[in-house]
């Protein structure tokens, strides 16, 4: 696995080593020992998976402390435009975002440390998105920031995505007091 640092402290792009032959391919999507050797001593306690049609936008989501989560995310089938928003008040990249395409073809993964809001836009029908979490889901701690908030300046490449009611009414960033 190759671990690539970003301009956001703790946010890592991970490229697994893929073994391909006439039968298909194989790769490790997580190996605790390799992660530890690359400075990520994390314990994942929950795996989540979603299935979405094209143009579904989920996010920007996070959980408040003490139930905040680090996440290892990847796409099993299809593709997404993935966005990580730094909501750590003391970070030099606070309020800035990082985005990249995750797909079944590129097999790229992203590690988001605690203190990031996360969202993705599906680019294909039947996209399967998977993520490992460092803490359990806690409904009363979940929060959302508005995906199209103009102060965040995130170009999703879509005007009218398919949204949940929660994401339609999410909080604006300039009214947000980060707990991180």
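What value, in deg cm²/dmol to 500, does the helix sum -39500 (n - 2.57) over DSSP H runs of n ≥ 4 give at 222 nm once divided by the residues of the chain? Calculated mean residue ellipticity at 222 nm is -1000 deg cm²/dmol. Taking every C-alpha pair closer than 8 Å and separated by at least 6 residues, the mean separation divided by the residue count of the chain gives a relative contact order of 29 percent. By the beta-carbon count within 10 Å of each Cβ, the least crowded to most crowded order of 133, 143, fewest first, is 143, 133.
Extension gain, residue 168 to residue 15, is 51.8 nm, computed as 0.36 nm per intervening residue step minus the present C-alpha separation. Springs join every pair of Cα atoms under 10 Å in this Gaussian network model of the chain, and among 26, 62, 136 the largest mean-square fluctuation is at 26. Note on residue 106 and residue 41: the model spin-label points, each 7 Å out from Cα along the C-beta direction, lie 3.2 nm apart.
Mean separation of Cα pairs under 8 Å and 6 or more residues apart, divided by the residue count, gives the range 78-154 a relative contact order of 37 percent. Estimated at 0.36 nm per residue, the fully extended path between residue 55 and residue 93 surpasses their Cα-Cα distance by 10.9 nm. The alpha-carbon atoms of the range 89-180, seen along their principal axes, cover 37, 32, 29 angstrom, with the largest extent given first. If both residues of a DSSP beta bridge must be in the chain, then about 95% of such bridges are antiparallel. Restricting the calculation to alpha carbons of the chain gives Rg and Dmax of 15.9, 54 angstrom.
Values in this text are rule-based calculations from the coordinates and carry no lab data. It should be emphasised that the depicted structure is a prediction, and the values quoted were computed from it without experimental measurement. Ideal geometry is used to build each Cβ from the backbone, glycine not excepted, and the neighbour counts take in all protein chains shown.
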